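Working notes, beginning with the structure itself.
The values are calculated or read from the model by the stated rules, or taken from the named source; none is laboratory data. Computed from a predicted structure; not experimentally measured. Cβ atoms come from the backbone with ideal geometry, glycine included; neighbour counts cover every protein chain shown. We work out accessible area using only protein heavy atoms, side chains counted, and drop any ligands, DNA or RNA first. Shrake-Rupley method; radii C 1.70, N 1.55, O 1.52, S 1.80 Å.
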Amino acid sequence: MIQLIGEFECKLDTKGRMVIPAALKRQLPDVEREGLVMNRGFEKNLVIYTKEEWSKKMLQLSKLNQYNEKNRIFIRQFMRGATELSLDSAGRVLLPKSLLEYAHVTGEVFLQCQFDKIEVWAKDEYEKMMDSSTDEDFSALAEEVMGGFNFAGDGNE
């Protein structure tokens, strides 16, 4: 499993192209050959996956029972807007207009790496979201999410 790290501020050019930051590109060794896949995120953001990670997501989705209506709806929503991205000779990717509109991305973009994916946010939306919580909120969230987590991995949670 790929382990991407970092946060990056980028700008879109007038055609909707974004340069992949060098520090991020180094974490994506096959990106120039294989490309990337972008789709809608769960919030008003976008998500970029390597082709390998996207294939893993597709394998997971293919195992869902498609006779179940909620599964079909989820698959449609998850796949909505999914687009392959290729780097050009200048290291840029052209982001689809429909996805940019969905996420309200115009000029300034914020990339946040999370394990096997890269979240893409309109910079102002990302800052609003992150500024809306306080250190106390994060502390309480950490306690709620991780407080009972069994870090030893022995099944006793």
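Some points to look at:
- Alpha-carbon centroid distance for the pair the range 13-31 / the range 85-157, whole angstrom: 17 Å
- Approximating the spin labels as points 7 Å out from Cα along Cα→Cβ, the Asp30-to-Glu84 distance works out to 1.4 nm.
- Residues in the range 132-141 carry Karplus couplings, in order, of 6, 10, 9, 4, 5, 4, 5, 4, 5, 4 Hz; the curve used is 6.51 cos²θ - 1.76 cosθ + 1.60 with θ = phi - 60°, and Gly or Pro positions show x.
- Choice from Tyr49, Tyr126, Tyr67 with maximal GNM fluctuation in the chain (Cα, 10 Å cutoff): Tyr67
- Of Lys25/Lys128; Lys15/Lys44; Lys57/Lys123; Lys44/Lys128; Lys25/Lys51, pairs whose Cα-Cα distance is over 19 Å: Lys25/Lys128; Lys15/Lys44; Lys57/Lys123
- Label corresponding to Rg and Dmax of the Cα atoms in Å when calculated from the structure given, among [x] 15.9, 55; [y] 14.7, 44; [z] 17.4, 54: [z]
- Surrounding net charge for Leu95, when Lys and Arg each add one and Asp and Glu each subtract one, Cβ distance under 11 Å: +2
- For the range 66-72, Karplus couplings with θ = phi - 60° (6.51, -1.76, 1.60), whole Hz, Gly/Pro x: 7, 7, 8, 4, 4, 5, 4
- For the range 44-61, 3J(HN,Hα) per residue [Karplus equation, 6.51 cos²θ - 1.76 cosθ + 1.60, θ = phi - 60°, Hz, x = Gly/Pro]: 7, 9, 10, 9, 10, 10, 5, 4, 4, 5, 4, 4, 5, 4, 5, 5, 4, 5
- Within the accessible area of the chain, the carbon and sulfur atoms contribute 52%, probe 1.4 Å, all protein chains present.
- Accessible area expressed per residue, the range 1-63, with surrounding protein chains retained (probe 1.4 Å, Å²): 60 Å²
- Where labels lie 7 Å past Cα in the beta-carbon direction, separation of Met130 and Ile2 in nm: 2.1 nm
- If R0 equals 25 Å, the separation of the Cβ atoms of Ala142 and His104 corresponds to a calculated FRET efficiency of about 0.30.
- Calculated FRET value between Gln60 and Glu9, using beta carbons and R₀ = 30 Å, to 0.05: 0.45
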